[in-house]
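Below is one structure, written out as C-alpha coordinates; comments come after it.
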Ligand code: GTP
Ligand code: MG
(Lines give C-alpha, C1' and ligand atoms only; values in the text may rest on other atoms or scores of the structure.)
(Ligands and ions follow the chains in the order given, each with its own letter.)
Protein backbone atom coordinates (compact mmCIF):
# COMPACT_ATOMS: atom_id res chain seq x y z
CA UNK A 1 0.00 0.00 0.00
CA UNK A 2 1.03 3.60 -0.55
CA UNK A 3 2.66 5.69 2.19
CA UNK A 4 2.97 9.44 2.70
CA UNK A 5 4.68 11.80 5.12
CA UNK A 6 2.34 14.03 7.11
CA UNK A 7 3.75 16.78 9.30
CA UNK A 8 1.69 18.60 11.90
CA UNK A 9 3.49 21.93 11.72
CA UNK A 10 4.41 24.01 14.82
CA UNK A 11 1.16 26.02 14.61
CA UNK A 12 -0.87 22.80 14.76
CA UNK A 13 1.11 21.45 17.71
CA UNK A 14 0.99 24.79 19.59
CA UNK A 15 -2.75 25.13 19.02
CA UNK A 16 -3.28 21.56 20.35
CA UNK A 17 -4.76 20.40 17.04
CA UNK A 18 -2.56 17.28 16.67
CA UNK A 19 -5.30 14.98 17.98
CA UNK A 20 -7.97 16.56 15.76
CA UNK A 21 -5.75 16.21 12.68
CA UNK A 22 -4.82 12.58 13.45
CA UNK A 23 -8.50 11.85 14.14
CA UNK A 24 -9.42 13.02 10.64
CA UNK A 25 -6.69 10.85 9.09
CA UNK A 26 -7.85 7.78 11.01
CA UNK A 27 -11.55 8.51 10.38
CA UNK A 28 -10.82 8.48 6.65
CA UNK A 29 -9.50 4.92 7.09
CA UNK A 30 -5.78 5.55 6.76
CA UNK A 31 -3.30 3.85 9.11
CA UNK A 32 -0.76 5.57 11.34
CA UNK A 33 2.36 3.45 10.83
CA UNK A 34 4.92 5.49 12.74
CA UNK A 35 4.94 8.79 14.60
CA UNK A 36 7.54 10.99 16.27
CA UNK A 37 7.84 14.48 17.70
CA UNK A 38 10.80 16.33 16.19
CA UNK A 39 12.61 19.59 16.82
CA UNK A 40 13.67 20.07 13.22
CA UNK A 41 17.04 21.70 12.55
CA UNK A 42 18.02 23.83 9.57
CA UNK A 43 19.76 20.93 7.78
CA UNK A 44 16.66 18.75 7.87
CA UNK A 45 14.41 21.59 6.70
CA UNK A 46 16.82 22.64 3.94
CA UNK A 47 16.66 19.09 2.61
CA UNK A 48 12.89 18.83 3.08
CA UNK A 49 12.17 22.18 1.38
CA UNK A 50 15.00 22.13 -1.21
CA UNK A 51 12.51 22.80 -4.03
CA UNK A 52 11.56 26.15 -2.43
CA UNK A 53 15.10 27.50 -1.88
CA UNK A 54 15.33 31.06 -3.20
CA UNK A 55 11.61 31.79 -3.02
CA UNK A 56 10.51 34.81 -0.96
CA UNK A 57 8.77 32.68 1.67
CA UNK A 58 11.67 30.20 2.02
CA UNK A 59 13.50 31.77 4.99
CA UNK A 60 10.27 32.57 6.92
CA UNK A 61 9.14 29.01 6.21
CA UNK A 62 12.33 27.48 7.65
CA UNK A 63 12.19 29.80 10.69
CA UNK A 64 8.54 28.92 11.27
CA UNK A 65 9.26 25.19 11.05
CA UNK A 66 12.06 25.61 13.64
CA UNK A 67 9.84 27.66 15.99
CA UNK A 68 8.48 24.62 17.83
CA UNK A 69 8.07 20.88 17.69
CA UNK A 70 6.67 19.14 14.61
CA UNK A 71 4.80 15.83 14.69
CA UNK A 72 5.97 13.60 11.83
CA UNK A 73 3.67 10.75 10.84
CA UNK A 74 4.09 7.86 8.41
CA UNK A 75 0.59 7.29 7.03
CA UNK A 76 -0.47 4.34 4.88
CA UNK A 77 -3.49 3.69 2.68
CA UNK A 78 -4.73 3.32 -0.88
CA UNK A 79 -3.96 6.56 -2.78
CA UNK A 80 -3.07 8.18 0.54
CA UNK A 81 -0.73 10.76 -1.04
CA UNK A 82 -3.51 12.33 -3.07
CA UNK A 83 -6.11 11.55 -0.41
CA UNK A 84 -4.28 13.35 2.37
CA UNK A 85 -3.65 16.39 0.13
CA UNK A 86 -7.41 16.46 -0.37
CA UNK A 87 -8.07 16.20 3.39
CA UNK A 88 -5.53 18.99 4.02
CA UNK A 89 -7.00 21.45 1.53
CA UNK A 90 -5.23 23.99 -0.63
CA UNK A 91 -2.16 25.88 0.61
CA UNK A 92 -3.89 29.17 1.51
CA UNK A 93 -6.15 28.60 4.55
CA UNK A 94 -8.39 31.55 3.66
CA UNK A 95 -9.62 29.92 0.48
CA UNK A 96 -9.18 26.24 1.42
CA UNK A 97 -12.53 24.44 1.22
CA UNK A 98 -14.61 23.93 4.36
CA UNK A 99 -14.34 20.30 5.40
CA UNK A 100 -10.57 20.33 4.98
CA UNK A 101 -8.01 20.72 7.78
CA UNK A 102 -6.81 24.06 6.45
CA UNK A 103 -10.32 25.25 5.54
CA UNK A 104 -11.86 24.35 8.90
CA UNK A 105 -9.01 25.08 11.28
CA UNK A 106 -6.67 27.52 9.54
CA UNK A 107 -6.74 31.23 8.84
CA UNK A 108 -4.41 33.87 7.39
CA UNK A 109 -2.48 35.44 10.26
CA UNK A 110 -0.91 38.12 8.04
CA UNK A 111 2.53 36.59 8.40
CA UNK A 112 5.36 36.15 5.87
CA UNK A 113 4.62 32.44 5.57
CA UNK A 114 1.33 30.59 5.45
CA UNK A 115 0.95 28.84 8.80
CA UNK A 116 -1.30 26.17 7.37
CA UNK A 117 -1.12 23.45 10.04
CA UNK A 118 0.00 20.45 7.98
CA UNK A 119 2.33 19.19 5.30
CA UNK A 120 1.66 16.24 3.03
CA UNK A 121 3.98 14.76 0.41
CA UNK A 122 2.90 15.68 -3.13
CA UNK A 123 4.08 12.64 -5.16
CA UNK A 124 5.38 9.09 -4.66
CA UNK A 125 8.93 10.37 -5.26
CA UNK A 126 8.51 13.14 -2.64
CA UNK A 127 6.96 10.69 -0.18
CA UNK A 128 9.87 8.24 -0.46
CA UNK A 129 12.44 11.03 -0.14
CA UNK A 130 10.68 12.76 2.76
CA UNK A 131 9.95 9.55 4.71
CA UNK A 132 13.67 8.77 4.47
CA UNK A 133 14.53 12.22 5.82
CA UNK A 134 12.14 12.22 8.78
CA UNK A 135 12.30 8.50 9.69
CA UNK A 136 15.92 7.52 9.07
P1 LIG B 1 3.15 21.54 2.12
O2 LIG B 1 2.25 20.35 2.26
O3 LIG B 1 3.52 22.18 3.44
O4 LIG B 1 4.33 21.28 1.23
O5 LIG B 1 2.20 22.64 1.44
P6 LIG B 1 1.84 22.80 -0.07
O7 LIG B 1 2.37 21.63 -0.87
O8 LIG B 1 0.39 23.10 -0.11
O9 LIG B 1 2.64 24.09 -0.44
P10 LIG B 1 4.11 24.25 -1.07
O11 LIG B 1 4.87 22.96 -1.05
O12 LIG B 1 3.97 24.98 -2.36
O13 LIG B 1 4.77 25.27 -0.04
C14 LIG B 1 5.32 24.81 1.19
C15 LIG B 1 4.86 25.74 2.29
O16 LIG B 1 5.37 27.04 2.07
C17 LIG B 1 3.35 25.95 2.34
O18 LIG B 1 2.68 24.94 3.05
C19 LIG B 1 3.27 27.27 3.06
O20 LIG B 1 3.53 27.10 4.46
C21 LIG B 1 4.43 28.03 2.45
N22 LIG B 1 4.03 28.77 1.24
C23 LIG B 1 3.89 28.25 -0.01
N24 LIG B 1 3.53 29.17 -0.91
C25 LIG B 1 3.43 30.33 -0.21
C26 LIG B 1 3.09 31.66 -0.60
O27 LIG B 1 2.82 31.95 -1.77
N28 LIG B 1 3.09 32.59 0.37
C29 LIG B 1 3.39 32.30 1.65
N30 LIG B 1 3.36 33.28 2.54
N31 LIG B 1 3.73 31.04 2.08
C32 LIG B 1 3.74 30.07 1.16
MG1 MG C 1 4.43 21.01 -0.82
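The values are calculated or read from the model by the stated rules, or taken from the named source; none is laboratory data. These numbers come from a predicted model, not from an experiment. Every residue, glycine among them, receives a Cβ derived from its backbone with ideal geometry; neighbour counts consider all protein chains shown.
Of note:
- The listed residue being touching a strand residue (DSSP E or B) at 6+ places or on another chain (Cβ under 6 Å), within 20 Å of residue 114 (Cβ to Cβ) and not in a helix (DSSP H, G or I), out of 97, 72: 72
- Looking at 25, 35, just one residue is more than 15 Å from ligand 2 (Cβ to nearest atom) and free of Cβ contacts under 8 Å to residues at least 60 places away in the same chain, and that residue is 35.
- So residue 85, is it at negative phi and free of Cβ contacts under 8 Å to residues at least 40 places away in the same chain: yes
- Test: residue in the stretch 68-80 that is modelled with pLDDT of 95 or more, within 14 Å of ligand 2 (Cβ to nearest atom) and over 11 Å from the mean Cα position of the chain (by Cα): no
- Selection over the stretch 91-125 of residues that are without any contact (Cβ under 8 Å) to a residue 60 or more places away in the chain, crowded, with 20+ Cβ neighbours inside 10 Å and under 17 Å from residue 62 (Cβ atoms) gives a count of 1.
- Residue 87 crowded, with 20+ Cβ neighbours inside 10 Å, more than 11 Å from ligand 1 (Cβ to nearest atom) and part of a helix (DSSP H, G or I): yes
- Considering the conditions (1) surrounded by 14 or more Cβ atoms within 10 Å (Cβ to Cβ); (2) in contact with a helix residue (DSSP H, G or I) (Cβ under 8 Å, 6 or more places away or on another chain); (3) in a helix (DSSP H, G or I), residue 47 is excluded by exactly one of them, (1).
- Cβ-Cβ under 7 Å pairs, at least 6 apart or on other chains, the stretch 42-57 side without any contact (Cβ under 8 Å) to a residue 12 or more places away in the chain and closer than 18 Å to residue 122 by Cβ, far side in a loop (DSSP other than H, G, I, E, B) and within 13 Å of ligand 1 (Cβ to nearest atom): none
- Criterion violated by residue 23 - all others in (1) in contact with a helix residue (DSSP H, G or I) (Cβ under 9 Å, 6 or more places away or on another chain); (2) over 15 Å from residue 127 (Cα atoms) satisfied: (1)
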